[in-house]
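Nothing in this text is a laboratory measurement; each read-out follows from the coordinates by a stated rule. Bear in mind the structure is a predicted one, so any value in this text is a computation, not a measurement. FYI the Cβ positions are ideal-geometry reconstructions off the backbone, even for glycines, and counts take in every protein chain you see.
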Amino acid sequence: MPTFNSHVIEAFLHKIPNLADNFIYFNDDFFVSRELSISHFFRSNGHASLFSSSKSILAMNEKGRRTATLSACNNVNRIFEKEFNVNYDNTLVHTYVPLKKKYYNIAFDLFGDEIRSFLTNKFRSVNDLNLATFLVPYLQYYFGEASPNIDVSIYFNIRSPSAQSFYKYLIDAKLDGNLPHSFCANDFSSNEFSDKSYGARLTEFLMRFYE
């Protein structure tokens, strides 16, 4: 693989052959947890849904947070500030992202130099931009082709002992008809968690949940 940097990979989603003009970007740990209509992702007027979260970029910066994602958001806001005199304080919900292919092309037209400057980074680096999960969604919003929408999503680490409580919650919520829109079953390796049966437990849950 030429790069291990997901920001670089995400910068070329619009180059996928035969990709529709409107498409939805999923990470491999995202799951739809209940039936959703097309309008959840793209409105009848063609607007993409913008699933912004309550997480404040400013607050995370003030707390001294240092993550690759936050750094990329800050970089995007810097070029937005320079080009449009705007910036956006809320990250997106950690879920699927409705995107428009033409806004990738617009992003390269407007910010080609800044994008190309990080494409050789084989690993996440301080000058990265996160096109799929911040730049393009907010570019769509700036130009009036995205509208705020709500996606209730839950996030958990499948290696953590607490994953079992999330599995139970989702099964119970399905029985009660009160499911969130989506969930992220993240696989984050840590020396803190030594149980090797997490994969089997996830498989068992998914088979039961989607039966």
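Values for this structure:
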| quantity | calculated |
| --- | --- |
| Net charge, residue 62 excluded, C-beta distance under 15 Å - Lys, Arg +1, Asp, Glu -1 | +3 |
| Rg over Rh [alpha-carbon atoms, Kirkwood Rh] for the chain | 0.98 |
| Distribution of pairwise C-alpha distances over the range 50-108, 5 Å bins, in % | 4, 16, 21, 28, 21, 7, 2, 0 |
| Farthest positive-ward along the range 66-149 dipole, Cα basis, beta-carbon charges - from 141, 90, 123 | 123 |
| Label-point gap, in nm, between residue 143 and residue 74 - each point 7 angstrom along Cα→Cβ | 2.8 |
| Angle between the chain longest axis and helix 101-116 axis [Cα atoms, degrees, rounded to 10] | 70 |
| Taking the chain and dividing mean pair separation by its residue count, relative contact order in percent (alpha carbons under 8 Å, at least six apart) | 30 |
| Ordering of 180-188, 108-116, 133-141 by burial proxy (mean other Cβ atoms within 10 Å per residue, highest first) | 133-141, 180-188, 108-116 |
| Zone of residue 106's modelled label, taken as backbone nitrogen in the range 22-39 under 16 Å from a point 7 Å along Cα→Cβ | 22-23 |
| Positive minus negative residues near residue 6 (Lys, Arg vs Asp, Glu; Cβ under 13 Å) | -2 |
| Environment charge of residue 124, counting only residues whose C-beta is closer than 13 Å and scoring Lys/Arg +1, Asp/Glu -1 | 0 |
| Cα centroid separation - the range 153-202 against the range 101-132, whole Å | 33 |
| Count of lysine pairs in the chain with Cα separation under 25 Å (8 or more residues apart, or interchain) | 13 |
| About the Cα centre, charge dipole magnitude for the chain (Lys/Arg +1, Asp/Glu -1 at Cβ), debye | 220 |
| The chain - share of DSSP beta bridges that are antiparallel (%, nearest 5) | 55 |
